[in-house]
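The values are calculated or read from the model by the stated rules, or taken from the named source; none is laboratory data. Every value quoted in this text rests on a predicted model; they were computed, and no experiment measured them. Using ideal geometry, Cβ is built from the backbone for each residue, glycine included, and neighbour counts are taken over all protein chains shown.
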Amino acid sequence: MIGVSADYCPDCGAELTTVEFEGRDRNRCSSCERTWWHQSVPTTSVTVRDGDRVLLVQRGGGRDAGRWDLPAGHPEYDEPAREAAARELREETGLVADPDALSLVGTVLSEGPRATYRSINYRIDRASTEGEVAAGSDAADARFVSVESVRAGDVYVRKLGRQRLRDSAVLE
């Protein structure tokens, strides 16, 4: 099973067992008999290309501090993914993009220490954005770097970021 799994029921605290249900192993409470599904946490990302360069953000805090990634983050509870991606791009880099101008390139699953993440990935050309690149409140830096420097490992992009770049056909 992908992801992190609890060994107790979130409702009553009893031990969970594993049962096959709908063709998959599921956690089931031995006391209240509730079945628990392990679901992914949504995130969004945007690949902004400017010729042979790609826009990256250096994370400013948390466990990924110092690591590079695409502009990305979690949608708000009532926010469509495309709008979340445009918002994260603006918040982290200062670039503004019309959500409808973002092209969906795919999704990537990534197992983290606390959850499995489903990254919904978009792409846009720099010419279709407005504004100047500047690191946002949760970024230490934001800038365009050459795709070749990412391929060569000269710029360390965290695992999920590399998966996102492959999904966007930047790293092949």
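If the requirement is being in the same structural domain as residue 55 (by TED's automatic domain parsing), surrounded by fewer than 18 Cβ atoms within 10 Å (Cβ to Cβ) and not acidic (Asp, Glu), which of these qualifies: 87, 162, 118?
None of the other options fit; the residue is 118.
Working only within the range 32-50, note down all residues that are touching a residue at least 24 places away in the same chain (Cβ under 8 Å) and farther than 16 Å from residue 111 by Cα.
34, 36, 45, 46, 47, 48, 49, 50
Tell me, please, whether a residue that is of a type in the set (Gly, Ala, Ser), over 13 Å from residue 166 (Cα atoms) and crowded, with 20+ Cβ neighbours inside 10 Å can be found in the range 90-109. Steps first, answer last, please.
Step one: list which residues in the range 90-109 are of a type in the set (Gly, Ala, Ser), which gives 94, 97, 101, 103, 106.
Next cut, over 13 Å from residue 166 (Cα atoms) only: 94, 97, 101, 103.
Okay, now just the ones that are also crowded, with 20+ Cβ neighbours inside 10 Å, so 97.
Yes; the residues of the range 90-109 include at least one that is of a type in the set (Gly, Ala, Ser), over 13 Å from residue 166 (Cα atoms) and crowded, with 20+ Cβ neighbours inside 10 Å.
For residues that are within 29 Å of the chain's Cα centre (by Cα) and modelled with pLDDT of 85 or more, scanning just the range 29-43, find the one that is surrounded by the most Cβ atoms within 10 Å (Cβ to Cβ). Outline the logic, then answer.
First pass over the range 29-43, keeping only residues within 29 Å of the chain's Cα centre (by Cα): 35-43.
Then keep just the ones that are modelled with pLDDT of 85 or more; that gives 41-43.
Values: 41: 14, 42: 15, 43: 24.
If we take residues in the range 29-43 being within 29 Å of the chain's Cα centre (by Cα) and modelled with pLDDT of 85 or more, then 43 is surrounded by the most Cβ atoms within 10 Å (Cβ to Cβ).
Of the residues that make up the range 148-163, is at least one over 15 Å from residue 47 (Cα atoms) and in contact with a helix residue (DSSP H, G or I) (Cβ under 6 Å, 6 or more places away or on another chain)?
Checking the range 148-163: at least one residue is over 15 Å from residue 47 (Cα atoms) and in contact with a helix residue (DSSP H, G or I) (Cβ under 6 Å, 6 or more places away or on another chain).
Does the range 65-96 hold any residues that are in contact with a helix residue (DSSP H, G or I) (Cβ under 9 Å, 6 or more places away or on another chain) and more than 23 Å from residue 130 (Cβ to Cβ), and which are they?
Scanning the range 65-96 gives 67, 68, 74.
Kindly evaluate residue 65 against the criterion of being farther than 16 Å from residue 169 by Cβ and surrounded by 18 or more Cβ atoms within 10 Å (Cβ to Cβ).
Criteria not met by residue 65.
Which condition number does residue 43 fail, the rest of (1) of a type in the set (Val, Ile, Thr); (2) within 21 Å of residue 131 (Cα to Cα); (3) in contact with a Pro (Cβ under 9 Å, 6 or more places away or on another chain) being met?
Unmet for residue 43, out of (1) of a type in the set (Val, Ile, Thr); (2) within 21 Å of residue 131 (Cα to Cα); (3) in contact with a Pro (Cβ under 9 Å, 6 or more places away or on another chain): (2).
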